[in-house]
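One structure is given below, encoded as structure tokens.
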Amino acid sequence: MKIICIGRNYKNHAKELGNDIPKEPLFFLKPDTAIQPKGHPFFIPDFSNEIHHEIEIILKVSKNGKHINQKFAHNYFQEIGLGIDFTARDIQENCKRNGLPWEIAKGFDGSAQISNVFFNKKEMVLNNINFSLKNNNITKQIGNSNNMIFSFDEIISYVSKFITLKTGDLIYTGTPSGVNRVSKGDVLTGFIEKKKILEVKVK
Ligand code: MG
């Protein structure tokens, strides 16, 4: 399986990092080794001094597809969860400055946190999903899928022009503003609506 991540999909987050609003979806990949085994803490890697949390809605791909028409994109995912796209911001800024790829800032071990629970999409109003992240019980990020620049269907259609989607792939759909540095001892929790479905200890 593969992990596809959309960047700069919320205006308020693109702005907080000083980036332009994209005209087309921007995406990058994480390897499957980025997935944190459930219940394990996240260890801050020694190569970065600035690991940021990015809370994101995740789509689980339910069907293989290529060149998916936007009209049919909704047939390619049934379940929705939550994830944290951990980012070595100091390294990413260096990559951006030098026009280098982002893998070392985005694809390291443990950088893909995944919720324990996925919801059937029929239980949700897809363009009105509230989600949030707390660090040590203080709310740091609040998002609503209505504020995405590119919708779930647009993302699936766009990505599948370049890469075949396969059952079990995960798509991280972008983070709202409020990304912040994590420190040893932090406890991050993720919520869809009021339900806590993700918890990770930082070590
Ligand atoms: Mg992200």
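Worth a mention:
- Cross-chain or 6+ apart pairs with Cβ under 6 Å, the stretch 105-118 first and at positive phi and buried (at least 19 other Cβ atoms within 10 Å of the Cβ), then assigned to a strand (DSSP E or B) and of a type outside the set (D, E, K, R): Gly110/Phe42
- The residues on offer are Lys161, Lys203, and the sole one that is away from the ligand (no atom under 16 Å from the Cβ), farther than 20 Å from Ala88 by Cα and surrounded by fewer than 18 Cβ atoms within 10 Å (Cβ to Cβ) is Lys161.
- Matching option when the condition is out of contact with any strand residue (DSSP E or B) (no Cβ under 8 Å at 6 or more places or on another chain) and either open to solvent by less than 60 Å² (accessible area, probe 1.4 Å) or farther than 18 Å from Gly39 by Cα (or both), among Asn135, Asn146, Asn130: Asn146
- In the stretch 12-43, the residues that are within 25 Å of Ile163 (Cα to Cα), in a helix (DSSP H, G or I) and not β-branched (Val, Ile, Thr): Ala14, Asp32, Ala34
- Looking across the stretch 41-61, the residues that are in contact (Cβ under 8 Å) with a residue 12 or more places away in the chain and away from the ligand (no atom under 13 Å from the Cβ) come down to Pro41, Phe42, Phe43, Ile44, Pro45, Phe47, Ser48, Asn49, Glu50, Leu59, Lys60, Val61.
- The condition (being over 18 Å from Thr173 (Cα atoms) and either touching an Asp or Glu at 6+ places or on another chain (Cβ under 7 Å) or open to solvent by less than 20 Å² (accessible area, probe 1.4 Å) (or both)) is satisfied by just one residue among Ile68, Ile44, Ile51: Ile51.
The values are calculated or read from the model by the stated rules, or taken from the named source; none is laboratory data. Being a predicted model, the structure only gives us computed values, none of them experimental. Cβ sites come from the backbone with ideal geometry, for glycine too, and all protein chains shown count toward neighbours. SASA here: full protein model, heavy atoms, side chains in, ligands and nucleic acids out. Shrake-Rupley method; radii C 1.70, N 1.55, O 1.52, S 1.80 Å.
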